[in-house]
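Read through the structure below, which is laid out as structure tokens, and then see the notes.
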Amino acid sequence: MVRNLVVFGGSSHPDLVERICNSLGIPQGGLYTSKFSNGETSVSIKESVREKDVYVIQSGCGHVNDNFLELLITISACKTASARRVTAVMPFFPYSRQPDVPYNKHGAPLAKSSSTPRTDHNYTFESVPPSPRSHSSMGNNLTNGVSLPSQRNGYFLDRDLDRKLKLKDQMWQPEGTGEINTGYKEWVAQSGTLVADLLTCAGADHIITMDLHDPQFQGFFDIPVDNLYGRPLLQHYIVSSIPNYQEAVIVSPDAGGAKRATAIADALGMDFALIHKERRTKYTDKGPTATVMLVGDVSNRVALLIDDLVDTSNTITRAAKLLKDRGATYVCAIITHGIFSGDAIQRIQASALDKVVTTNSAPQLEHKLALGNKLEILDVSNVFAEAIRRIHNGESVSMLFDHGAGI
């Protein structure tokens, strides 16, 4: 029996909370969550947490925003109730895969200078760059090839032409893209720092998660973050469940996951292949297209797709089709976090995938009922339970990084 340890479970994944508590040999803490009629979240703690070590388990799946706010309120309630330490256990960390730049970089329009080249080369810090300026003395001949009428006292005689020239510069259209460049690049909100600050301000003293989509996300926190690895579990499955696994090929579905896939391939002495998607979009009569190519040989071999996260399953289903077209006899996707949102289940059912293996870091009951034997689930509750026990007792958790499959 572990003393002064309380484990609370949020509403995102009750089954995983129960499994973790059973592994620890302790009852689940009394926590009541509800919603008001207007959608506000209410949290009530049913037992004393004064001077106790509290762990709140909430995965970033399902109704992500509601679950995250519920986690923040629960952490704050525990700190207000004089808990000695509050640790947020988030098997799948939300908001860790926001895109950096969703827009394409086409560059700036080039202004056509006057036919007479400049020869003085007397540039100073006050020199004006050669860009169109309708009310600047230096911009008289820099109008993108459009001649200006005469000026009087700095104002155009033809005000309508002045307006048209300004619109022309602002609405530059890159060739072949069909897009209008207004000169403004949209600002993309980077939510990583905000999420880290919210958890810290709510009162979290420690974070436990697994396979962050971007490991650098840990740098947003001023508190300790234990990013447990799902790789040992995946390796254990390959060794124990794939016949003649050393003859199979580890495949990364994109360049971003190459490091993750090669780590498993090197550890097990297996061959590696990579699916590369050309990021430079080509515009054709049928619309924008991207070239996908396979680097490696999978002909007449078993292909194991390795990834950390599957949401819409578009990436892995397209990869499976390519692998089957290149001669793979069996395609199995092995992933850490199976979210399967939207029409992901229907995509998998109609795809060339023979099997999908994922962990229960997110609820999988409905997915299992829909996919049947095509979906296999690995249990991560023992890994998180052992991490909680070691952190509570002040022991090292580094052992979990290398030997998690043996727990």
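The values are calculated or read from the model by the stated rules, or taken from the named source; none is laboratory data. Predicted, not measured: the structure shown is a model, and the values here were computed from it. Virtual Cβ from ideal backbone geometry, glycine too; neighbours counted across all protein chains shown. These area figures cover heavy atoms from the full protein model, side chains too; ligands, DNA and RNA do not enter into them. Shrake-Rupley method; radii C 1.70, N 1.55, O 1.52, S 1.80 Å.
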One would report the antiparallel percent of DSSP beta bridges in region 290-407, rounded to the nearest 5, as 0
Set Lys and Arg Cβ to +1 and Asp and Glu Cβ to -1, take the dipole of region 317-372 about its Cα centre, and tell me which of GLY327, PRO363, SER341 lies farthest positive. GLY327
To the nearest 20 Debye, how big is the dipole of region 289-371 about its Cα centre, given +1 on the beta carbon of each Lys and Arg and -1 on that of each Asp and Glu? 240
Mean shadow of region 290-407, computed from the convex hull of its alpha carbons, in nm²? 9.1
Percentage relative contact order, region 343-395, counting C-alpha pairs under 8 Å, at least six apart: 35
Explain nothing, just compute: Karplus ³J(HN,Hα) = 6.51 cos²θ - 1.76 cosθ + 1.60, θ = phi - 60°, for every residue of region 368-381 in order, whole Hz, x for Gly and Pro. 5, 5, 7, 9, x, 6, 6, 10, 10, 10, 9, 8, 9, 4
Would you please classify the overall shape of region 220-372 from the alpha carbon gyration tensor, given that a ≥ b ≥ c denote the square roots of the eigenvalues, rounded means a/c under 1.5, and beyond that prolate means a/b larger than b/c while oblate covers the rest? rounded
What percent do you get for the relative contact order of region 218-376 when only Cα pairs under 8 Å and 6+ apart count? 17
Please calculate the 1.4 Å probe accessible area of LEU365, with all protein chains present, and give it to the nearest 10 Å². 130
Amide hydrogen neighbours beyond the local backbone of VAL7, cut-off 5 Å, H modeled: GLY29, TYR55
Sparse-neighbourhood loop hits (chymotrypsin sites (Phe, Trp or Tyr not before Pro), region 184-226; DSSP loop; Cβ within 10 Å at most 12 others) -> TYR184, TRP187
Sequence-distant residues sharing a close amide H with SER59 (under 5 Å, placed H): SER12, HIS13
Based on the Cβ-Cβ distance of GLU47 and THR80, what FRET efficiency does E = 1/(1 + (r/R0)^6) give at R0 = 22 Å, to the nearest 0.05? 0.90
Please compute the length gained on full extension between LEU369 and VAL397, using 0.36 nm multiplied by the number of residues separating them and subtracting their Cα-Cα distance. 6.6 nm
Which shape class applies to region 344-407: rounded if a/c is under 1.5, otherwise prolate when a/b exceeds b/c and oblate if not, where a ≥ b ≥ c are the square roots of the Cα gyration tensor eigenvalues? prolate
